[in-house]
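The values are calculated or read from the model by the stated rules, or taken from the named source; none is laboratory data. Everything quoted here is computed from the prediction, not taken from an experiment. Quick reminder, even Gly has a Cβ in these numbers, built from the backbone with ideal geometry, and neighbours come from all protein chains shown.
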Amino acid sequence: MLLSVESVEKSYRKGGLFSKEREHVLKNISFECKLGECLGIIGESGSGKSTLGRLLLGIEKPDRGSILFEGKKVEDRKVRTGNLSAVFQDYTSSINPFYTVEEAILEPLQMKRKAREEALSEIDHLLYQVGLDPSYRKKYPHELSGGEVQRVCIARAVSTEPKCILFDEAISSLDGSVQMQVLELLKNLRKRYDMGYIFITHDIQAAAYICDRIMVLRNGEIEEIVEVEQLKDVQSTYTKKLLQMIIA
Amino acid sequence: MKRLQNVWKDKVAVLSLSIITVTTVAGIFAPFVAPNDPEEVHMELRFASASWEYLLGNDHLGRCVLSRLIYGIRPSMLWVFVALLLSVSIGSIVGFLAGYFRGKTDAFLMRVCDVILSFPGYVMTLAIIGILGVGFESLIIAFVLMKWAWFARIIRSSVMQYAESDYVKFAKAIGASNMAIMIRHIVPVALPDIAVISSSSFGSMILQISGFSFLGLGIQAPEAEWGMMLNEARDVMFSRPEFMLAPGLTIVIVVSAINYLSDALQVALDPKLMTSKHKQQGLEAASAVKLEGKGVA
Ligand SMILES: Nc1ncnc2c1ncn2[C@@H]1O[C@H](COP(=O)(O)OP(=O)(O)OP(=O)(O)O)[C@@H](O)[C@H]1O
Ligand SMILES: [Mg+2]
């Protein structure tokens with residue numbers, strides 16, 4: 001089992017530091033994710049998808065419960081290095097504005113203690129994989145379009161050939177045709193590198209296109225987890241309603 | 001370092017930098033640079049006009065104005081710079097810790113800052129000078145103690161904004177340590193902000209220190225300081241206005257040079273502004289070519 005999440009709870013303090021009131025964002029979340037699997041997480045805005053994503057990446061700690069990556073606690077950053085990666089939604093801040101594309105991609109490679117020369121030589125290939133040519137190496141993020149930035153972020157995420165990449169609304173801010181290209185790209189990369197994805201989105205169609213299983217989140221609780229093939233005959237009324245909205 | 005080279009292309013910045021460098025060097029080597037002893041009294045030369053021996057004339061006690069200006073660089077500029085450096089460093093450390101770690105650390109540090117900032121600045125400075133005794137050192141210490149909280153506040157909010165960005169989240173996700181994230185992602189990005197706020201307050205600090213010297217709380221009598229020189233010239237403001245000119249202009253020139261340099265630094269450090277500037281220069285060059293073309297036609 002690559003990722004196993006067990007009865008995770010998360011709440012945030014409402015109001016000031018001394019206020020006792022807490023907002024329960026995630027309630028009793030338990031699921032597992034196999035090596036090489038693509039798990040989609042869908043849900044309405046505010047259902048806690050991004051929060052769950054941050055917990056899975058070990059950026060924040062859960063209040064209760066445990067998240068294990070290959071049996072070890074994901075909070076330990078040594079466990080994550082080289083094995084886990086991420087692509088986020090906001091392309092205006094996903095690359096350090098002072099970094100060139102090259103420096104940005106170099107960051108995770110150097111974390112893995114690769115020699116600089118070796119890492120530099122890999123960059124051309126990585127850019128090629130995501131459909132960018134080597135002339136992009138010296139560009140700064142503000143000189144790129146949103147789609148190009150997301151491609152660079154994808155190249156940066158796959159650079160260490162991690163076991164799992166988390167996408168938090170990574171394609172939501174792109175327009176239709178570019179979304180399709182990026183989805184296609186992700187599908188191909190997944191085959192090539194044998195990686196697992198956790199794909200957070202509110203777009204069921206995109207999730208259905210790329211994922212093996214889909215988890216529906218509602219108000220911080222897991223409503224249902226279904227195989228994509230069985231998406232037609234889901235159990236819960238909430239999921240049915242979600243699906244109907246798409247079809248309509 | 002690559003980016004700093006861009007400063008060289010900006011003429012105003014180069015001029016400002018040279019003014020600041022020359023002033024600093026002159027201040028450090030004041031005994032060698034100054035033509036006369038700044039404290040030597042020549043009652044027969046009171047309010048004398050410029051001469052070859054006393055290039056900027058003599059003040060109300062017949063002392064060499066130029067030498068006093070040069071010796072005045074030390075307290076007016078160099079010590080103010082030391083005070084600024086100290087308060088910005090303390091403020092940065094506190095601001096970085098509070099803005100990056102948030103939560104309890106942030107709450108505690110910001111309450112401390114609130115307490116310090118809730119006292120009116122001048123009154124607290126006076127109180128600290130009262131406790132430590134009148135003198136330039138007390139004034140500098142009082143300044144550092146009062147100013148760091150203000151810097152901490154501003155740096156914190158700037159750091160907070162960068163600490164939430166997705167590239168920091170990514171760095172955390174791939175397992176970078178907090179130290180590495182600070183050094184690689186937060187310090188360089190927050191540096192232009194820090195440079196700008198500290199250089200803009202450098203100017204006002206020079207003026208404030210001069211103000212305290214004016215009140216007799218900073219530098220003591222025979223020693224030279226720009227604010228005090230201005231004060232001494234005030235008595236003859238209407239009969240001999242040129243005596244206000246020397247220290248007044250010096251303050252204005254130095255403060256403006258610092259402000260221009262800080263602007264240039266901000267442009268040089270920020271890749272966004274840098275490239276847009278290059279493009280602008282390119283456009284200007286292009287339009288210049290066009291104009292020339294029209295002239296020929
Ligand atoms: N750092 C935080 N502090 C306080 N409350 C938070 C924090 N992060 C999230 N929340 C709260 O948790 C809830 C879920 O937020 P989250 O960002 O996980 O939603 P989401 O499912 O990703 O929504 P979207 O589809 O709009 O991105 C929200 O109500 C939000 O107010
Ligand atoms: Mg979200």
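Assorted remarks:
- Boolean, A:LEU17 is at pLDDT 90 or above and more than 30 Å from B:LEU273 (Cα to Cα): no
- Test: residue in the range B:82-102 that is at pLDDT below 90 and crowded, with 16+ Cβ neighbours inside 10 Å: no
- Condition met for B:SER49 (loosely packed, with under 13 Cβ neighbours inside 10 Å and assigned to a loop (DSSP other than H, G, I, E, B)): yes
- Pairs, first facing another protein chain (nearest Cβ under 7 Å) in the range B:162-186, second part of a helix (DSSP H, G or I) and basic (Lys, Arg), C-beta under 6 Å, six or more apart: B:GLY175/A:ARG77; B:GLY175/A:ARG80
- Residue-level check: of (1) of a type outside the set (Asp, Glu); (2) more than 16 Å from ligand 2 (Cβ to nearest atom); (3) touching a strand residue (DSSP E or B) at 6+ places or on another chain (Cβ under 6 Å), A:PHE167 misses just (2).
- Filter result (part of a loop (DSSP other than H, G, I, E, B) and within 22 Å of the chain's Cα centre (by Cα)) within the range B:124-142: B:GLY135
- Qualifying position, being among the polar types (S, T, N, Q) and over 28 Å from B:VAL189 (Cβ atoms), among A:SER66, A:SER50: A:SER66
- Here the condition is being surrounded by fewer than 22 Cβ atoms within 10 Å (Cβ to Cβ), of a type outside the set (Val, Ile, Thr) and either under 18 Å from A:ILE123 (Cα atoms) or out of contact with any Cys (no Cβ under 8 Å at 6 or more places or on another chain) (or both); of A:SER135, A:SER159, it holds for A:SER135 alone.
- For the range A:40-64, a residue qualifies if it is more than 10 Å from the chain's Cα centre (by Cα) and near ligand 1 (Cβ under 9 Å from one of its atoms), and the qualifying residues are A:GLY43, A:GLU44, A:SER45, A:GLY46, A:SER47, A:GLY48, A:LYS49, A:THR51, A:LEU52, A:GLU60.
- 3 or more residues facing chain B (nearest Cβ under 9 Å) and either surrounded by 15 or more Cβ atoms within 10 Å (Cβ to Cβ) or in contact with a Lys or Arg (Cβ under 6 Å, 6 or more places away or on another chain) (or both): qualifying helices (runs of 4 or more DSSP H) within the range A:15-124: A:77-80, A:101-111
- Criterion: away from every other protein chain (no Cβ under 14 Å), among the basic types (Lys, Arg) and away from ligand 1 (no atom under 13 Å from the Cβ) - qualifying residue of A:LYS241, A:LYS163: A:LYS241
- Residue check for B:LEU145: under 30 Å from B:PRO35 (Cβ atoms), outside any loop (DSSP other than H, G, I, E, B) and under 25 Å from the mean Cα position of the chain (by Cα): no
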